[in-house]
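Asks: Take this structure, written in structure tokens, and hold onto it; I'll ask about it next.
Values quoted throughout were computed directly from the atomic coordinates according to the rules given, and no laboratory measurement underlies them. Note that the structure is predicted; figures quoted are calculated from it, not measured. We place every Cβ from the backbone using ideal geometry, glycine too, and count neighbours over all the protein chains shown.
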Amino acid sequence: MRFFLFLLLSGIITGGFAQPDYIRTVQCYPEGKPFAEPVIELGGATPLLFSFDDLSPDINSYTYKIQHCDPDWNSSNLSPFTYLNGFFSNPLEDYNSSFNTVVAYTHFTLTLPNENVSMKLSGNYLLQVFNDAQSDTPVISQRFSVVEPKATIQANLTTATIPQYLQTSQQLNFTVNYDNLPVYNPIRDLKVYVTQNQDPHSRRAFTPTFVRDGQLVYGNGQNNIFNGLAPFRNFQCSSLVYYTQYVKDVIRGPQGVYNFILQPASVYTNYVPLPTLHGNYRIEAENTNDPELEADYVTVHFAIYYPEQIPQADVYVYGKFSDWQLLPSQKLQYDFKNKAYVGEAEVKQGNYDYMFAVVPYGTGQPDLITLQGNFYQTQNNYYIRCYLYNFNQNYYELVAYSPVFYNGIGF
């Protein structure tokens, strides 16, 4: 099997911004819940933890800003004084250099809220990080949400009730209870969205099937049916010595960087229950005290057998470690000799879930079935958000948030 090495492109697109390739391993989650969505409660005791690595040889300083957004992540056009306590712009002051790694980096961390800034309103937010040397354009644009529970959600996940989807799909029925809210026109004033496995490409807006007194009922429609998909694939590169499952070989390159050659994959033809991180990843490094500073960056080589090149489409390695983006650096090429898609990605040592995504030209929408499979048994997580428009202050509140786990397993 031949593995091709591809150069990283100069920038990647994240949330509409060009993220330079020296910014890596951006993480954002509630404290103590590294696999959870970046959602915290307004005034709650659990803060949000945000971090990233700077692989630049230069010493960079950064400033962060926080912007309130509507349900579609557009600016709410509110004054920062309306939604923030403290300062709108703050320096990132918590950072440390990597220790005993081949690839040197600086690790930056931030906790929200903190003594300099806190959020006053619920809703969607954008955390933007700016390199002080190039302060016009953010280098990171991280989404997060703040919920103020004022409504409740009751949800039920089953196999699909429409016969043609019975073997491949899952059905999410749910009810939003808003008894104590000032809702005059529920279809106009309330917006509800569902995301599967934290993947923003799966985000779906819902219209209620029934409107009752103090309730919106969403159920038994085709919009409630989601592809079951296949279990996420996984690799571990926490050890530089021992081969873990799915690793075929580990080779140290001429500059000391380790290359992990994965076992070539195939399309799943049957459902196989596998341990899953639901597309997430965790930084781990064997024989270290602080993996965030001591884990090295390695190059992982991927391959998946497929009998022919898929016409009019690109193929990517895809998951949370790519921020659910279709990154040029993780695009695969078709190897006609070995009849396989092959490529590579540079990642920090750890435990990673991923999928192979097929993207038809011009769509920007990943197809996670062609190279994966589609099974109703797959363990998937679903995340329901309910927003209420506040007419007095002209913004959308996040009044209910509910994770739902198929087969009862999730984060």
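Asks: Which of the lysines could a cross-linker span from residue 337 if the Cα-Cα distance has to be under 25 Å and same-chain partners fewer than 8 positions apart are dropped?
Replies: Hits, sequence-local ones excluded: 248.
Asks: Please list the three semi-axes, largest first and in whole Å, of the ellipsoid equivalent to the range 233-360, using sqrt of 5 times the eigenvalues of its alpha carbon gyration tensor.
Replies: 25, 16, 14
Asks: Rounded, prolate or oblate for the range 356-408? Axes are the square roots of the Cα gyration tensor eigenvalues, ordered a ≥ b ≥ c, and the cut-off for rounded is a/c under 1.5. Don't skip to the answer; put the middle values down first.
Replies: On the way: a/c = 6.50, a/b = 1.66, b/c = 3.93.
Oblate, since a/c reaches 1.5 and b/c is not below a/b.
Asks: So, one more: Rounded if a/c is under 1.5, else prolate if a/b beats b/c, else oblate: with a ≥ b ≥ c from the C-alpha gyration tensor eigenvalues square-rooted, which is the range 286-361? Please list the in-between numbers first.
Replies: On the way: a/c = 3.32, a/b = 2.09, b/c = 1.58.
Prolate.
Asks: Could you pull out every one of the lysines with an alpha carbon less than 17 Å from that of residue 33, ignoring same-chain neighbours closer than 8 positions?
Replies: Those lysines meeting the cut-off are 320.
Asks: Using the count of nearby Cβ atoms within 10 Å as a rough guide to exposure, how do 308, 148 rank from fewest to most? Numbers along the way, then the final one.
Replies: Numbers: 308 8, 148 18.
Ascending Cβ contact count within 10 Å gives the list 308, 148.
Asks: What spacing in nm lies between the two simple spin-label points modelled at residue 294 and residue 337, each 7 Å away from Cα in the Cβ direction?
Replies: With each label point 7 Å from Cα toward Cβ, the separation is 4.1 nm.
Asks: A further question on this structure: Taking only the alpha-carbon positions of the range 78-205 and ignoring solvent, what does the Debye formula give for the base-10 log of I(q)/I(0) at q = 0.23 Å⁻¹?
Replies: -1.49
Asks: Once you place label points 7 Å from the Cα toward the Cβ at residue 269 and residue 114, how far apart are they in nm?
Replies: Here the modelled spin labels are 5.4 nm apart.
Asks: For 353, 189, 94, what's the fewest-to-most ordering of other Cβ within 10 Å of each Cβ?
Replies: 94, 189, 353
Asks: At a Cα cut-off below 22 Å, give the lysines reachable from residue 65, other chains included and same-chain residues fewer than 8 away excluded.
Replies: Filter leaves 120.
Asks: Just the number, please: percent antiparallel of the DSSP beta bridges in the chain, rounded to the nearest 5.
Replies: Once the DSSP bridges in the chain are tallied, antiparallel ones form about 95 percent.
Asks: Residue 116: net charge of surrounding residues, Cβ under 15 Å, Lys/Arg +1, Asp/Glu -1, itself excluded?
Replies: Numbers: positive: 65, 120; negative: 93, 94, 115.
Result for the local shell: -1.
Asks: So for each of 157-167, 370-380 I average, over its residues, the number of other beta carbons within 10 Å; can you give me the resulting order with the highest mean first?
Replies: Going from most to least packed, we get 370-380, 157-167.
Asks: Could you tell me what fraction of 2.2 N^0.38 Å the Cα radius of gyration of the range 239-303 comes to, as a two-decimal ratio?
Replies: On the way: Rg = 14.1 Å, N = 65, 2.2 N^0.38 = 10.7 Å.
Compactness ratio reported: 1.31.
Asks: Answer rounded, prolate or oblate for the range 111-166, using the Cα gyration tensor with square roots of eigenvalues a ≥ b ≥ c: rounded when a/c is under 1.5, else prolate when a/b is larger than b/c, else oblate.
Replies: Oblate, because a/c is 1.5 or more while a/b does not exceed b/c.
Asks: Also, quick follow-up: Just the projected area, averaged over all directions, of the convex hull on the alpha carbon atoms of the range 11-147: how many nm²?
Replies: 8.6
Asks: Computed from these coordinates, which is Rg/Rh (Cα atoms, Kirkwood Rh): [x] 1.05; [y] 1.68; [z] 0.97?
Replies: Read-out taken from this structure: [z].
Asks: How long is the gain from residue 97 to residue 185 if the chain were fully straight, where each residue apart is worth 0.36 nm and the alpha carbon distance is subtracted?
Replies: On the way: separation 88, 0.36 × 88 = 31.68 nm, distance 5.37 nm.
That works out to 26.3 nm of additional length.
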